[in-house]
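The values are calculated or read from the model by the stated rules, or taken from the named source; none is laboratory data. Bear in mind that the values here come from a model prediction, so they are computed numbers and not experimental data. Cβ coordinates were reconstructed from backbone atoms using ideal geometry, including for glycine residues, and neighbour counts include every protein chain displayed. Just the protein is used for accessible areas: all its heavy atoms, side chains included, with ligands, DNA and RNA removed. Shrake-Rupley method; radii C 1.70, N 1.55, O 1.52, S 1.80 Å.
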Amino acid sequence: MDVDTAEAVNTPGARVVWTHPSTGDHALGTSKGLEDNGVLTAVRLDSGAVRSVFADELEPEESALAAAAKPAETQRRIRGHNFYAPKSDRKKIPALGETDGAPFPEKVVHLHYFTGAADWYVTELDPITNEAFGYSDPTGRGGEWGYIPLAELEAVNLGGYRVVERDCYFTPNTFSSITAERRH
């Protein structure tokens with residue numbers, strides 16, 4: 001977080017957006033400023049709740065509106081969990097094009113999506129557009145590297161009950177390690 005943003009979210013009375021670290025959900029509120037320990041910021045949410053949160057979970061309201069504009073989760077009820085990874089995990093994913101030149105087997109896969117025999121492995125991400133780059137295997141019989149529109153994957157609903165899910169227990173690893181594990 002840059003100095004200007006940190007100052008903005010820690011200023012008492014500033015309008016902020018809090019992003020829940022586990023769910024990625026957004027809530028509007030008002031900063032009450034730094035607490036005694038100087039690490040946490042108190043926020044009164046518009047819902048009335050008061051929370052102590054880490055400053056990196058906050059953004060000034062005006063700049064956060066673009067970040068909060070991620071596509072809706074249309075299949076959330078069927079899926080049973082959030083399709084999009086928490087903000088803290090998304091921050092660790094390289095931006096689109098950032099790993100250009102790295103051999104495909106050595107690219108680190110940060111997210112795994114699946115349905116049936118189909119798999120999508122994300123190595124790069126644009127956090128604003130939710131456009132990803134990675135390996136797509138939509139048939140389970142081999143795939144290819146390319147761009148993955150996460151909003152389109154999120155909307156998939158086969159037969160009214162089968163949706164693409166995020167592997168919530170996935171641990172980032174190199175693509176070669178992941179494919180070696182799948183063969184065993």
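Karplus-based coupling profile of region 44-49, in residue order and whole Hz: 9, 6, 4, 6, x, 6, with θ = phi - 60° in 6.51 cos²θ - 1.76 cosθ + 1.60 and x standing for Gly or Pro.
Averaged over its residues, region 120-178 has an accessible area of 52 Å² per residue, based on protein heavy atoms and a 1.4 Å probe. Loop exposure criterion: chymotrypsin sites (Phe, Trp or Tyr not before Pro), DSSP state outside H, G, I, E and B, at most 10 other Cβ atoms within 10 Å. Applied to the chain, the longest stretch between such sites is 1-160.
Annotation: amide H-H contacts under 5 Å for LYS32 (H modelled 1.01 Å from N, sequence separation of 5 or more, or interchain): GLY13, ALA42, VAL43, ARG44. In this rough spin-label picture, where each label sits 7 Å from Cα along the Cβ direction, the PHE104-SER176 distance is 1.4 nm. The distance linking region 73-111 with region 118-184 is 8 Å (Cα centroid to Cα centroid, whole angstrom). On the beta carbon distance between TYR169 and LEU45, with R0 = 30 Å, the FRET formula returns roughly 0.50. Across region 139-167, the residues whose backbone nitrogen lies under 15 Å from the label position 7 Å along the beta-carbon direction of PHE114 are 139-142, 163-167.
Taken along the Cα-to-beta-carbon direction at a fixed 7 Å, the label points for THR23 and TRP145 span 3.8 nm. The phi torsions of region 116-123, fed into the Karplus equation with coefficients 6.51, -1.76 and 1.60 and a -60° offset, translate into couplings of x, 8, 7, 9, 9, 10, 9, 10 Hz, rounded to whole numbers, with Gly and Pro shown as x. Karplus-derived 3J(HN,Hα) values for region 92-99, using 6.51 cos²θ - 1.76 cosθ + 1.60 with θ = phi - 60°, are 7, 7, x, 5, 3, x, 5, 9 Hz; glycine and proline are entered as x. Close Lys pairs in the chain, defined as Cα atoms under 22 Å apart and 8 or more places apart or on different chains, number 6. Only protein atoms count toward the accessible area here, which uses a 1.4 Å probe; on region 47-184, the carbon and sulfur part of that area reaches 53 percent. Using a probe of 1.4 Å on the protein chains alone, the accessible area found for VAL164 is around 0 Å². Suppose R0 equals 25 Å; then what is the FRET efficiency for ALA72 and ALA6 from their Cβ-Cβ distance, rounded to the nearest 0.05? Efficiency for this residue pair is about 0.25.
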